[in-house]
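*Asks:* Please find one structure pasted underneath; my questions will follow.
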Amino acid sequence: MENKSRIKMSLQNISKSFHSRKETQEAVADVSFDVYENEFLVILGPGQCGKTVLLNMIAGLESPTTGKMLYEGKEYHGVNDGFGLVFQKTALMDWMTVMENVEFGLKIKKMPKEERRAIAQKYIDLVGLNGFEDKYPRQLSGGMKQRVGIARAYSTNPGVLLMDEPFGALDAQTRYLMENEILRIWEQDKRTIVFVTNNIEEAVTLGDRIILLSACPARVKDIYIPDLPRPRDNISTEFLRIREEIEANTDMAL
Ligand SMILES: Nc1ncnc2c1ncn2[C@@H]1O[C@H](COP(=O)(O)OP(=O)(O)OP(=O)(O)O)[C@@H](O)[C@H]1O
Ligand SMILES: [Mg+2]
């Protein structure tokens, strides 16, 4: 894989505890891994294991209790310009059109209108929403809203795209379609992607590498590297073998 060896970001001994008056809850415990440039990294873990807390720390939305995070070799704290975020429920602005939603991040950065329109259009086209520029979020299906979210994240030219169960709220068929779509988009415009899921099949379909987390507190249990050509055939012997291997190593039913 191209640039496989170049490290884009690193987590070093990251932990997170929440303190309340009664108790301390550890959500993430001593997590370390590197993310390589342009890889599709999947973080797979059971429900409530600490995936979102981990991703929020990477995004700078929460600070780790211990440990260090590096982006392009430099330690960082707080929100980092280099990241684009896509969540399970993409919070689109209801009163803005698809075009306005996608170009919003660029508008904030005070990019001139013509320039930001061109960039937004490029990513609207890339995610397959050409012709929907003037629609409002209420006129879109769940899958289309996630496409807008992906276009919006991409348009700010992030070094790393952080995705937290972006297809988790979609029906099975749309989810399957969107998994193929995100791979197509990524192939056409390579980025480093950190993709969180609790779905083993999705992880094996998408990941260059899969970081398997334990139940809460999240620790790195294992790392898998599916050596399967894309698009991956989810009923091939090798696909099923990896899926079963991960299933057997998972802390609870995902
Ligand atoms: N701000 C907070 N204060 C206290 N506890 C928290 C806070 N945020 C998360 N937690 C706890 O940390 C644990 C992990 O939560 P997290 O949302 O990261 O899990 P998750 O793996 O993303 O779950 P899901 O699969 O449901 O998305 C949970 O037990 C949760 O209650
Ligand atoms: Mg979560």
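The values are calculated or read from the model by the stated rules, or taken from the named source; none is laboratory data. The structure presented is a predicted model; accordingly, all values stated were derived computationally and were not measured. Virtual Cβ from ideal backbone geometry, glycine too; neighbours counted across all protein chains shown. The protein model used for the area step is the full one, side chains on, heavy atoms only, and it has no ligands, DNA or RNA in it. Shrake-Rupley method; radii C 1.70, N 1.55, O 1.52, S 1.80 Å.
*Asks:* Out of the stretch 230-254, which residues are open to solvent by 70 Å² or more (accessible area, probe 1.4 Å), over 21 Å from the mean Cα position of the chain (by Cα) and not charged (D, E, K, R)?
*Replies:* 235, 237, 248, 252, 253
*Asks:* Sticking with this structure for a sec: Return the residues of the stretch 85-101 that are among the hydrophobic types (A, V, I, L, M, F, W, C) and open to solvent by 10 Å² or more (accessible area, probe 1.4 Å); say none if nothing qualifies. Reasoning before the result, please.
*Replies:* Of the stretch 85-101, the ones among the hydrophobic types (A, V, I, L, M, F, W, C) are 85-87, 91-93, 95-96, 98-99.
Once the filter is applied, which keeps residues that are among the hydrophobic types (A, V, I, L, M, F, W, C) and open to solvent by 10 Å² or more (accessible area, probe 1.4 Å), the stretch 85-101 yields 85, 87, 91, 92, 93, 95, 96, 99.
*Asks:* Got a number for residues in the stretch 207-221 being within 16 Å of ligand 2 (Cβ to nearest atom) and out of contact with any Lys or Arg (no Cβ under 7 Å at 6 or more places or on another chain)?
*Replies:* Keep residues of the stretch 207-221 that are within 16 Å of ligand 2 (Cβ to nearest atom), which gives 211-218.
With the extra rule that they be out of contact with any Lys or Arg (no Cβ under 7 Å at 6 or more places or on another chain), the set shrinks to 211, 215-217.
Summing the residues that are within 16 Å of ligand 2 (Cβ to nearest atom) and out of contact with any Lys or Arg (no Cβ under 7 Å at 6 or more places or on another chain) in the stretch 207-221 gives 4.
*Asks:* I need the full set of residues from the stretch 28-75 which are touching a Leu at 6+ places or on another chain (Cβ under 8 Å), assigned to a strand (DSSP E or B) and open to solvent by less than 20 Å² (accessible area, probe 1.4 Å), in order please.
*Replies:* Listed by number, the residues that qualify are 28, 31, 33, 35, 40, 42, 43, 44, 69.
*Asks:* When residues of the stretch 135-180 are filtered for being among the aliphatic types (A, V, I, L, M), open to solvent by less than 10 Å² (accessible area, probe 1.4 Å) and either touching a Pro at 6+ places or on another chain (Cβ under 7 Å) or touching a residue at least 40 places away in the same chain (Cβ under 8 Å) (or both), how many remain?
*Replies:* Taking the stretch 135-180 first, the residues among the aliphatic types (A, V, I, L, M) are 140, 144, 148, 150-151, 153, 160-163, 169-170, 172, 177-178.
From what is left, the residues that are open to solvent by less than 10 Å² (accessible area, probe 1.4 Å) are 148, 150-151, 153, 160-163, 178.
With the extra rule that they be either touching a Pro at 6+ places or on another chain (Cβ under 7 Å) or touching a residue at least 40 places away in the same chain (Cβ under 8 Å) (or both), the set shrinks to 148, 150-151, 153, 160-163.
Selection size over the stretch 135-180: 8.
*Asks:* Something else now. Please go through the stretch 202-229 and pick out each residue that is aliphatic (A, V, I, L, M), closer than 13 Å to residue 245 by Cα and open to solvent by 30 Å² or more (accessible area, probe 1.4 Å).
*Replies:* Narrowing the stretch 202-229 to residues aliphatic (A, V, I, L, M): 203-204, 206, 210-213, 215, 218, 220, 223, 225, 228.
Imposing the further condition that a residue be closer than 13 Å to residue 245 by Cα reduces the set to 203-204, 210, 212, 223, 225.
Once the filter is applied, which keeps residues that are aliphatic (A, V, I, L, M), closer than 13 Å to residue 245 by Cα and open to solvent by 30 Å² or more (accessible area, probe 1.4 Å), the stretch 202-229 yields 223, 225.
*Asks:* Any chance you could count how many residues in the stretch 184-199 are more than 16 Å from ligand 2 (Cβ to nearest atom) and either more than 17 Å from residue 36 (Cα to Cα) or among the β-branched types (Val, Ile, Thr) (or both)? I'd like the intermediate steps shown before the answer.
*Replies:* Step one: of the stretch 184-199, the residues more than 16 Å from ligand 2 (Cβ to nearest atom) are 184-193.
Subsequent filtering for residues that are either more than 17 Å from residue 36 (Cα to Cα) or among the β-branched types (Val, Ile, Thr) (or both) retains 184-185, 188, 192-193.
Residues in the stretch 184-199 being more than 16 Å from ligand 2 (Cβ to nearest atom) and either more than 17 Å from residue 36 (Cα to Cα) or among the β-branched types (Val, Ile, Thr) (or both): 5 in total.
*Asks:* Any chance the stretch 225-238 includes a residue that's in contact with a Leu (Cβ under 7 Å, 6 or more places away or on another chain), free of Cβ contacts under 8 Å to residues at least 60 places away in the same chain and part of a helix (DSSP H, G or I)?
*Replies:* The answer is yes, given that some residue of the stretch 225-238 is in contact with a Leu (Cβ under 7 Å, 6 or more places away or on another chain), free of Cβ contacts under 8 Å to residues at least 60 places away in the same chain and part of a helix (DSSP H, G or I).
*Asks:* Which one of these is hydroxyl-bearing (Ser, Thr, Tyr), over 19 Å from residue 75 (Cα atoms) and not in a strand (DSSP E or B): 5, 17?
*Replies:* On the way: 17 fails: not in a strand (DSSP E or B).
5 is the lone residue from the list that is hydroxyl-bearing (Ser, Thr, Tyr), over 19 Å from residue 75 (Cα atoms) and not in a strand (DSSP E or B).
*Asks:* Let me ask you something else. Might you let me know whether the stretch 102-114 holds any residue that is open to solvent by less than 40 Å² (accessible area, probe 1.4 Å), within 16 Å of ligand 2 (Cβ to nearest atom) and not polar (S, T, N, Q)?
*Replies:* no
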